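Comments concern the structure below.
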Amino acid sequence: MGFWQEVSGNQVLVSACLGWVVAQVLKTIIDVALNKSFTPERLVGSGGMPSSHSSTVCALVVSSGICYGVGSFEFAVSFVLAAVVMYDAIGVRQETGKQAKLLNMIMEQNILKMDNEHFQQRLKEFVGHTPLQVFAGAILGIGIALLVNLSYV
């Protein structure tokens, strides 16, 4: 069996990857609809609606549960990973985005006079997620995993 056949036959991997891709595409479409402009960075960037991190890890959890059972090592590891990733997306990464937004406002108001080129660039504000964005990503990932695993039956 060839490499690509093995990869495409791995339900867990396909579910997780598809969860990420679908969330990123949806995030880009939503961003275009809201801002009336296309930003290519949204296709691969973090932050925004829905959370691609949550979609990816929830697809991984559900697919692992379906393939190996909820008592398996694979399910346990993916469940703990999902909990950490989603907690981090709402907590630490969301706070980082808030701080970046505040620092950008300070720099734009010329309160801080900086000559260093690194400080002249805007800091990335779309880093974390709101609880709604994480929840939407989780629901998306669960749905994708169910659809993928139904197609492999």
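The values are calculated or read from the model by the stated rules, or taken from the named source; none is laboratory data. If you're wondering where the values come from, they're calculated on a predicted model, not measured in any experiment. Side chains are part of the model used for accessible areas, which takes the heavy atoms of the whole protein and leaves out ligands, DNA and RNA. Shrake-Rupley method; radii C 1.70, N 1.55, O 1.52, S 1.80 Å.
Miscellaneous remarks
- For Ile30, solvent-accessible area (1.4 Å; no DNA, RNA or ligand), Å²: 60
- In order through region 26-36: 3J(HN,Hα) via Karplus (6.51 cos²θ - 1.76 cosθ + 1.60), integer Hz, x for Gly, Pro: 4, 4, 5, 4, 5, 5, 5, 5, 6, 9, 6
- The value obtained for region 27-83, namely the Cα convex hull volume divided by the number of residues, is 77 Å³ per residue.
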